[in-house]
Amino acid sequence: MATPDSLTLFTGLGLSENKARETLKNAALSTQLREAATQAQRTLGSAIDKATGTLLYGLASRLRDTRRLSFLVSYIANKKIHTELQLSAALEYVRSHPLDPIDTEDFEQECGVGVVVTPEQIEEAVEATINRHRSQLLVERYRFNMGLLMGEARAALRWADGKMIKHEVDMQVLHLLGPKMEADLEKKPKAAKARLEETDRKTAKVVENGEVAGQTLSLMEQLRGEALKFHKPGENYKTPGYVTTPHTMDLLKQHLEITGGQVRTRFPPEPNGILHIGHAKAINFNFGYAKANNGICFLRFDDTNPEKEEAKFFTAIHDMVTWLGYTPYKVTYASDYFDQLYAWAVELIRRGQAYVCHQKVEELKGHNSLPSPWRERPIEESLLLFEAMRKGKFAEGEATLRMKLVMEDGKMDPVAYRVKYTPHHRTGDKWCIYPTYDYTHCLCDSIEHITHSLCTKEFQARRSSYFWLCNALDVYCPVQWEYGRLNLHYAVVSKRKILQLVAAGAVRDWDDPRLFTLTALRRRGFPPEAINNFCARVGVTVAQTTMEPHLLEACVRDVLNDTAPRAMAVLEPLQVAITNFPAPKPLDIQVPNFPADETKGFHQVPFASTIFIERTDFKEESEPGYKRLAMGQPVGLRHTGYVIELQRVVKGSSGCVECLEVTCRRADSGEKPKAFIHWVSQPLVCEIRLYERLFQHKNPEDPVEVPGGFLSDLNPASLQVVEGALVDCSVALAKPFDKFQFERLGYFSVDPDSQQGQLIFNRTVTLKEDPGKV
């Protein structure tokens, strides 16, 4: 039976009488809560406010290590821990730091003790969050998920008061949208959402871009905005701006008979360069949209310019699509359709919609070129001349086939065919005339019955020619939809400029890890999942997006933290001799591959009387704030269970420290050291390449920011090669592209330059974001 004193004590903490009586039935909980409350009263007096009482109850009910009760109660009673968030962090800290003594400085930092979040900071964080979602907020108004705003603001200000953040969100949303209107009270339509949820639930075998896969991972739940407004297959005419003709409905009916109402997209790269991070967004959007709607996506090479196309680019592009996790329904080429495209060009002339022109290339450049004097040439004459073009009767530049239309950007009569005496990689010498992008693209989309032709914003000016050409030939007309291109600061991605970088010796090739081509990112060690996650976070927006590289790197850390096994490496080795080593031969140390989840296995490393540590982990004399090895300041060796203490510093003739002599003891036989450092013993010698940003300014191509041009903006410290680094023997059998976390140093990937017995590692990213680079 509950004693009156205990019942009064518990209700005094803010517990209801029923809750207090239930608590008293649990002997362990009531004992711990009574002790916590009694200790708090010594500081606060007999009256304890409800907020503090709630924290004390949370502490008593969740704390497993009773030794820490007094320590944590003192922080609550002294108002150093005053939120549920801080209490959770404190409980997690004592759980993960079971050894005495607790490092109070580290504890307070991890628990936000003393951190003051001002109203101004909350206002700025909420404003930034709302600005990121402004366009969607204006569309959805109060039906927008306000919890998303709260979550992002809380993520930016970890220790801020949740109620203050909510109040600020409410105020700023009201300021942006005004009071709620009647339409705001209507429920949000669920049709599109329900369709997505149904797709997400299908975790059994499904068709994934032409192949059977184990699960559906819909990207559409992460792709925001305009994508959800897409037309259904066969309902192209419902799209704003879509041009219809008397034949449109019959053509759409035939289209549905062929496709069965299936979503069809395509990724259509030109095989004249390597894909970059912007292409990753296009790949994710095209393949992801098809996948989310149980559709198919073609990989179609736009191989209409044989002068610039190379076999290595075809291979690299296909490899990168596969690397990102996508399997094309079919790999096609614009050249597959050269015969049909030529036949349609003849038909276009017959319909009076195209003509052969002899204006020079220079005369056709720009948007204010002179009208062609051959625009009204007789149809029969153009037919004969076009045939002559095909038979090689004209030199390059002497004749072109032009279409009779004015494009959205004002450009008149774009070229459909030009003469090029360059053998084609697939058709050889069959053709000496080749179609242009403006002519080829929409017709290839039509042939493949693409439902959604997704392209970046710069192609918006070609939308009119897209619709015009399909309708001029009375063929099925897909819908073109433009989205904002993805760019990164501190980067150049144009093919021409990357070639300049290679020629100048600034980078080695297209796959130099300092570039943002996909082959370069793979070589650096970026996992494809991280790139896909980054693209999904960016989302699909109409406006061009330029992102900071550190946001991509954060996605990389998220993936590698769970997938890269741990190892130990030393970049700047300092030899350490343990004079009282506890065994006559090296010990075998079991190191967890993932310390946070030991079920993922262990690897074994030797621990001998001679080890190597980082030179930066030693100082001859300690100084305030320094926690690693110094005279009179021991350190622990990670995973060994041993602590070493400096006895003697051995220097060479130049005065440089060459070796340290130390003694060791079991970690549990004395005072806990301030720090634990990594080490290697009987290691492998390897080369490590440390990468930094290639450019010094955010926008190296901006003549205002960099007047001397992007080649003048190169960062001289973008690559540091460490040739004498040491790594533990657990990585001896690593293969190119294998990834590791070198403890305390960062994430690293094996470079393809590695040879038998000579491993080379690229630093992918550091363990934590460098605040100086944000």
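From the list Lys308, Lys330, Lys312, pick out the single residue that is closer than 27 Å to Arg426 by Cα, without any contact (Cβ under 8 Å) to a residue 24 or more places away in the chain and out of contact with any His (no Cβ under 8 Å at 6 or more places or on another chain).
On the way: Lys308 fails: without any contact (Cβ under 8 Å) to a residue 24 or more places away in the chain; Lys330 fails: without any contact (Cβ under 8 Å) to a residue 24 or more places away in the chain.
Exactly one of Lys308, Lys330, Lys312 is closer than 27 Å to Arg426 by Cα, without any contact (Cβ under 8 Å) to a residue 24 or more places away in the chain and out of contact with any His (no Cβ under 8 Å at 6 or more places or on another chain), namely Lys312.
Assuming Glu17 fulfils every condition listed in (1) open to solvent by 80 Å² or more (accessible area, probe 1.4 Å); (2) touching a residue at least 60 places away in the same chain (Cβ under 8 Å) apart from one, which condition is it?
Exception for Glu17: condition (2).
Would you be able to say whether some residue in the stretch 54-71 is open to solvent by 10 Å² or more (accessible area, probe 1.4 Å), within 32 Å of the chain's Cα centre (by Cα) and among the basic types (Lys, Arg)?
no
Exactly one of (1) in contact with a Gly (Cβ under 8 Å, 6 or more places away or on another chain); (2) open to solvent by 30 Å² or more (accessible area, probe 1.4 Å); (3) part of a helix (DSSP H, G or I) is unmet by Leu87. Its number?
(2)
What's the total number of residues in the stretch 295-308 that are in a loop (DSSP other than H, G, I, E, B) and under 15 Å from Tyr326 (Cβ atoms)? Reasoning before the result, please.
Initially, the stretch 295-308 is screened for residues in a loop (DSSP other than H, G, I, E, B), giving 295, 302-308.
So of that shortlist, the ones also under 15 Å from Tyr326 (Cβ atoms) come out as 295.
So the count comes out to 1.
If Leu551 meets every condition in (1) touching a residue at least 60 places away in the same chain (Cβ under 8 Å); (2) not in a strand (DSSP E or B) apart from one, which number is that one?
Here Leu551 meets the rest and fails (1).
Do you know which residues across the stretch 712-761 are part of a strand (DSSP E or B) and over 24 Å from the mean Cα position of the chain (by Cα)?
Taking the stretch 712-761 as the starting set, the residues that turn out to be part of a strand (DSSP E or B) are 714, 719-727, 739-742, 746-750, 755, 758, 760-761.
Within the stretch 712-761, Leu714, Gln720, Val721, Val722, Glu723, Gly724, Ala725, Leu726, Val727, Gln755, Gln758, Ile760 meet the criteria.
Take the stretch 564-588 and flag every residue that is surrounded by 15 or more Cβ atoms within 10 Å (Cβ to Cβ) and either free of Cβ contacts under 8 Å to residues at least 12 places away in the same chain or under 26 Å from Pro736 (Cα atoms) (or both).
Result: Ala564, Pro565, Arg566, Ala567, Met568, Ala569, Val570, Leu571, Pro573.
Go through (1) open to solvent by 40 Å² or more (accessible area, probe 1.4 Å); (2) touching a residue at least 12 places away in the same chain (Cβ under 8 Å) one by one and return the number of the condition Ser712 breaks.
Among (1) open to solvent by 40 Å² or more (accessible area, probe 1.4 Å); (2) touching a residue at least 12 places away in the same chain (Cβ under 8 Å), Ser712 violates only (2).
Considering only residues of the stretch 427-474 that are under 18 Å from Tyr355 (Cα atoms) and small (Gly, Ala, Ser), which is nearest to the chain's Cα centre (by Cα)?
Ser465
Here is a check on your reading of the model: is Leu488 modelled with pLDDT of 95 or more, among the aliphatic types (A, V, I, L, M) and in contact with a helix residue (DSSP H, G or I) (Cβ under 8 Å, 6 or more places away or on another chain)? Walk me through how you get there before you give the answer.
Details: modelled with pLDDT of 95 or more: no; among the aliphatic types (A, V, I, L, M): yes; in contact with a helix residue (DSSP H, G or I) (Cβ under 8 Å, 6 or more places away or on another chain): yes.
No, not satisfied.
Anything in the stretch 592-618 that is under 22 Å from Lys674 (Cβ atoms) and buried (at least 16 other Cβ atoms within 10 Å of the Cβ)? List them, or say none.
Residues of the stretch 592-618 that are under 22 Å from Lys674 (Cβ atoms), as a first pass: 595, 607, 611-618.
Result: Phe607, Ile611, Phe612, Ile613, Glu614, Asp617, Phe618.
So, Ala491, is that one under 25 Å from Val706 (Cβ atoms), in a loop (DSSP other than H, G, I, E, B), open to solvent by 30 Å² or more (accessible area, probe 1.4 Å) and touching a residue at least 12 places away in the same chain (Cβ under 8 Å) or not? Explain how you work it out, then say what you get.
Values: under 25 Å from Val706 (Cβ atoms): yes; in a loop (DSSP other than H, G, I, E, B): yes; open to solvent by 30 Å² or more (accessible area, probe 1.4 Å): no; touching a residue at least 12 places away in the same chain (Cβ under 8 Å): yes.
When the stated conditions are applied, Ala491 does not pass them.
Among residues belonging to the stretch 685-709 that are in contact with a Leu (Cβ under 8 Å, 6 or more places away or on another chain) and under 18 Å from Arg523 (Cβ atoms), point out the one that is most open to solvent (accessible area, probe 1.4 Å). Step through it out loud before you land on a result.
Within the stretch 685-709, the subset in contact with a Leu (Cβ under 8 Å, 6 or more places away or on another chain) is 685-692, 694-696.
Next, from what is left, pick out any that are under 18 Å from Arg523 (Cβ atoms): 686-692, 694.
Working: Cys686: 1, Glu687: 33, Ile688: 0, Arg689: 28, Leu690: 17, Tyr691: 12, Glu692: 56, Leu694: 6 Å².
The selected residue is Glu692.
Being open to solvent by 60 Å² or more (accessible area, probe 1.4 Å), at pLDDT 95 or above and in contact with a helix residue (DSSP H, G or I) (Cβ under 9 Å, 6 or more places away or on another chain): is that true of Gln682 here? It would help to see each step written out before you state the result.
On the way: open to solvent by 60 Å² or more (accessible area, probe 1.4 Å): yes; at pLDDT 95 or above: yes; in contact with a helix residue (DSSP H, G or I) (Cβ under 9 Å, 6 or more places away or on another chain): yes.
Yes, satisfied.
Given the conditions (1) open to solvent by 80 Å² or more (accessible area, probe 1.4 Å); (2) within 25 Å of Arg42 (Cβ to Cβ); (3) free of Cβ contacts under 8 Å to residues at least 40 places away in the same chain, and given that Ile81 satisfies all but one, which numbered condition is not satisfied?
All conditions pass for Ile81, except number (1).
Report yes if some residue within the stretch 349-372 is in contact (Cβ under 8 Å) with a residue 60 or more places away in the chain and among the basic types (Lys, Arg); otherwise report no. Walk me through how you get there before you give the answer.
Step one: list which residues in the stretch 349-372 are in contact (Cβ under 8 Å) with a residue 60 or more places away in the chain, which gives 351, 353-354.
With the extra rule that they be among the basic types (Lys, Arg), the set shrinks to 351.
Yes, the conditions are met somewhere in the stretch 349-372.
If Ala334 satisfies all but one of (1) within 30 Å of His276 (Cβ to Cβ); (2) at pLDDT below 95; (3) open to solvent by less than 10 Å² (accessible area, probe 1.4 Å), what's the number of the condition it fails?
Single failed check for Ala334: (2).
Need at least 2 residues that are at pLDDT below 95 per element, so show me which strands (runs of 3 or more DSSP E) inside the stretch 390-476 make the cut, counting only ones lying wholly within it. Step through it out loud before you land on a result.
Values: elements: 400-403, 415-419, 433-435, 452-456.
In the stretch 390-476, 452-456 are the strands (runs of 3 or more DSSP E) which contain 2 or more residues that are at pLDDT below 95.
What's the total number of residues in the stretch 90-137 that are over 25 Å from Lys163 (Cβ atoms), surrounded by fewer than 12 Cβ atoms within 10 Å (Cβ to Cβ) and of a type in the set (Val, Ile, Thr)?
1
If a residue must be open to solvent by 30 Å² or more (accessible area, probe 1.4 Å) and on the phi < 0 side of the Ramachandran plot, how many such residues does the stretch 494-506 contain? I'd like the intermediate steps shown before the answer.
As a first pass, look at the stretch 494-506 and keep what is open to solvent by 30 Å² or more (accessible area, probe 1.4 Å): 494-497, 499-500, 502-505.
Next, only the ones that are on the phi < 0 side of the Ramachandran plot stay: 494-497, 499-500, 502-504.
The number of residues fulfilling the criteria is 9.
Give the stretch 435-475 a look and list any residue that's open to solvent by less than 10 Å² (accessible area, probe 1.4 Å) and among the β-branched types (Val, Ile, Thr), or say none.
Thr440, Ile450, Thr451
Leu384 passes all but one of (1) assigned to a loop (DSSP other than H, G, I, E, B); (2) more than 47 Å from the chain's Cα centre (by Cα); (3) of a type outside the set (Lys, Arg); (4) within 18 Å of Cys432 (Cβ to Cβ); which number fails?
Here Leu384 clears every test but (1).
The values are calculated or read from the model by the stated rules, or taken from the named source; none is laboratory data. Because the structure is a prediction, the values reported are computed rather than measured. Cβ sites come from the backbone with ideal geometry, for glycine too, and all protein chains shown count toward neighbours. We work out accessible area using only protein heavy atoms, side chains counted, and drop any ligands, DNA or RNA first. Shrake-Rupley method; radii C 1.70, N 1.55, O 1.52, S 1.80 Å.
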